[in-house]
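Note sheet for the following structure.
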Amino acid sequence: MPAPLLSLRNMTKTYGQTVANSAIDLDVAAGSIHAILGENGAGKSTLMKLIYGVERPDEGEVLWNGAPVHLTSPAEARRLGIGMVFQHFSLFETLTVVENISLIVPGSKADLATRIRALGQDFGLVVDPFAHVHALSVGERQRVEIIRCLLTEPRLLILDEPTSVLPPQAVGLLFDTLRRLRDGGVSILFISHKLDEIRALCDRATILRGGRVTGDVDPRDHDSHDLARMMIGRDMPAPLHLAPMPQGDLRLELSGLNHAPDDPFGMGLAGVTLRLHAGEILGIAGISGNGQAELSRLISGETVLPAARRDEIRMMDKAIGHLGPAERRALGFAFVPEERLGRGAVPDMSLADNSLLTAHPLGLLKRGLIDRQAEAKFTAGCIADFDVRTSGPEAEAGSLSGGNLQKFIMGREISLNPRLLFVAQPTWGVDIGAATAIRHRLVQMRNEGVAVLVISEELEELFEICDRIQVLHKGALSPSLDPRSEGPEEIGRWMIGAAGVAA
Amino acid sequence: MSGIEFILAGMLAAATPFLLAALGELVVERAGVLNLGLEGMMAFGAAIGFIVVYEGGGHFAAFVAAGFAGVGLALIFGGLAVGLRANQVAVGLAVGILGQGLSSLVGNSYESLTITGLPKLAFPGLSDLPVVGGLFVQDIIVWLSLIATALIWAMFRYSRLGLILRAIGENPAAARAIGYRVNALRLCAVMFGGAMAGFAGAYAATVYTPLWADGMIAGRGWIALALVVFGTWLTGRIFFGACLFGAVSLASLVAQTEGWAVPSQLLSSLPYIVAIVVLGIITSNKRLLKINGVASLGEPFGP
């Protein structure tokens, strides 16, 4: 039996107190698609950084075709034939596609453009070589990254969560491309936490949990339940059931909202219309970069409209488009932004001081001064009610893991007893246990008569908790869709702008 | 000679100190580093250049020595700001003050002494044209500066090196991920900027006004810094900006000789007023800044 293309032996990496990778062994055979399966925070990204030479291991050995190698830089890894497509793309936005590629691949621009087009034909990766990257969609950028890797003729291609940025239809195309590459002799290391994808695509799967290997299996021999148990250490939580609710009063209304962004790389909004009532959850689906950031700033009040257009946003039946965040919150609005550090919480401040930021009307101030006792009591309450794992109210917000901080911010906002709750990416980067707890809490809020608006990229999540779904594509919002009658394919068509056009 | 002819003939020479310093700073900023020590690097280069010429070393040696002086200060700046990832603003200001102090120190015994500048070389044929003829009679350094402008323009537009510099300025983490040594390249850019600042200072002190007076750089380094933003990090615009400042500074002389009833203080502050107004106009165009700007400017990068 030939030596594996890549072997890792006893790879260990710690950051301060945290053990990101502990004694990891991995063998990637030549000509195979090998999955690394694990939750957020299981150590997948760290392991890839070690393989690609971005970080150095504390202990352990890397074998390439059976011979030990020292990977000290990405350039070194590339020389061996390791290419990587990053989750957060490593393209240069102000350069054109061919300029981006020429930073790695030698050759004249005209010559490279021809090769880019030829490769695009062969592998279904069509992209204009002379387009500026900032003008490309997320899917096109991913194609550019893959083309850039392929032009270096790698033996091993690493893809970090490649499907998280793609609509369902494009995932199929990507898988076809990857299978063709494998048949052409390239091994692929496919990092994901999506069980179905791994079972559909991969020949082998190594499962990580808490920085350790908990399984090394052929994913086709195991069902999703087995894989999930290896990945999270217990059974998958049961899905939620939404009981129908009578329609309540109107809590949020956007009517024909248009907006031109300040940021030239941002997405404008065109005629966004939605109505959200008490006692329902409305989900906004769509691939990020289609106007989600702009829409959430307009709803939160971080972007305000001129007074003449105040009617375009109404909350609790009042025209509030011209009001700032504090005035909107005073009406009973609460908001959990996508970025936890910097927008949802101040990383350098204690949890207690972070509670003060939005919960100060709940008696945390006495004659304009901070009531430290009330502040600590409120914070301890949030920590206990929402199962936040932390040393206490004095812990710095930045020291919490993403999931724990999200639970704390959710807890703080829910404690305000809002009439309208807006959550952007509620479970992004959160482990399955905490994600389930957050979703249950959102449904509970809905059942208590709160109007809940959720922006999420995770379609499964929206299908689980939403009464209605609308899809944002290129700044335009689809009509309201019913997740009980429309399947993911229909939502997916709206995500790529292919639905409703012919009609 | 009319006012217009006077301005056209002197504009390029007046623009050259701005231009050389700004071209150096353009390369530094494109790589993602903000060097606020430009004024001090120019002052030190000016003092060293003047001393070399006065002591009989000649202009060639003076420019080489001034370039090395600039690189020396740039290495201090780069070592702290790039190597040790100190705050670029603080280190830049400190190195700038150091350069001005060194310039006063070494220039102390040369105060008010004069030397001879460089001869003007005429561009045959064109220099005899009416009105604009004066544009084509310039000293060798002006001609070389024009060539340097063209080379830097071509570097950013066509060469791989220009592409790499733009890449490490926009997204250093991504540049490292694809295998470039970001901080080594940034240090090289900073050294180039230091050498250009040294040349700019030497030109001001040994060619443009060949006499030594403490503080003779008189804010030209700050104008050069403003020019880089003013030109939205594009070589051609920086060149036109430098010419504009050259012309404005000559216009104040013309106004004085013509006896216009304008206070001379107001006239000599004209370049700064122009800088503030133009910067205000340029920075109001967010799209232009975002597309041509340097995303990681001023942020130290650590692996």
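The values are calculated or read from the model by the stated rules, or taken from the named source; none is laboratory data. A quick note: this is a predicted structure, and the numbers were derived from the prediction, not measured. FYI the Cβ positions are ideal-geometry reconstructions off the backbone, even for glycines, and counts take in every protein chain you see. For the accessible areas, the whole protein counts, side chains as well, though only heavy atoms, and no ligand, DNA or RNA atoms are used. Shrake-Rupley method; radii C 1.70, N 1.55, O 1.52, S 1.80 Å.
Listed values, structure above:
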item: Net charge dipole size for the range A:6-232 [Lys, Arg +1 and Asp, Glu -1 on Cβ; Debye, nearest 20]; result: 240
item: Prolate/oblate/rounded label for the range A:154-253 (Cα gyration tensor, a/c 1.5); result: oblate
item: Dipole of the protein assembly as shown, positive direction: furthest Cα of A:107, A:408, A:272, with charges on the beta-carbon; result: A:107
item: Residue A:458 - accessible surface, heavy atoms, 1.4 Å probe, Å² rounded to 10; result: 60
item: Rounded to 10°, Cα long-axis angle of helix B:88-107 versus longest principal axis of chain B; result: 40
item: Globularity index of the range A:346-415, i.e. its alpha-carbon radius of gyration over 2.2 N^0.38 Å; result: 1.00
item: Environment charge at residue A:10 (Cβ cut-off 9 Å; Lys +1, Arg +1, Asp -1, Glu -1); result: -2
item: Centre separation in Å (Cα based) which lies between the range A:194-225 and the range A:436-494; result: 28
item: Heavy-atom accessible surface that B and A bury in contact, both chains counted, 1.4 Å, Å² to 100; result: 1900
item: Charge sum, other residues only, whose C-beta stays under 13 Å from residue A:224's C-beta, Lys/Arg counted +1 and Asp/Glu -1; result: -3
item: Largest-first principal axis extents of the Cα set of chain A (Å); result: 72, 53, 40
item: Gyration tensor (Cα) of the range A:131-180, equivalent ellipsoid semi-axes in angstrom; result: 17, 16, 9
item: Accessible-area ranking of B:278, A:471, largest first, probe 1.4 Å; result: B:278, A:471
item: Count of Lys pairs (Cα-Cα under 27 Å; at least 8 positions apart or interchain) in chain A; result: 10
item: Taking chain A and dividing mean pair separation by its residue count, relative contact order in percent (alpha carbons under 8 Å, at least six apart); result: 14
item: Theoretical ellipticity at 222 nm over chain B - DSSP helices of four or more residues, -39500 (n - 2.57) apiece, nearest 500; result: -22500 deg cm²/dmol
item: Value of Rg/Rh across the range A:274-342 [Cα atoms, Kirkwood radius]; result: 0.95
item: Among A:125, A:293, B:17 the positive-end extreme of the charge dipole of the protein assembly as shown (Cβ point charges); result: B:17
item: Shape box of the range A:6-232 [Cα atoms, principal axes, largest first, Å]; result: 48, 36, 31
item: Relative contact order (percent, whole number), chain B, Cα cutoff 8 Å, 6+ residue spacing; result: 37
item: Rg/Rh for the range A:380-440, where both radii come from Cα atoms and Rh is the Kirkwood radius; result: 0.94
item: Kirkwood Rh (inverse of mean 1/r, distinct Cα pairs), chain B, angstrom; result: 19.6
item: Mean-position separation - Cα centroids, the range B:66-103 and the range B:215-253, in angstrom; result: 22
item: Principal semi-axes in Å for the range B:1-156 [√(5λ), Cα gyration tensor, largest first]; result: 31, 21, 13
item: The range A:29-93 and the range A:374-429: distance between their alpha carbon centers, rounded to Å; result: 35
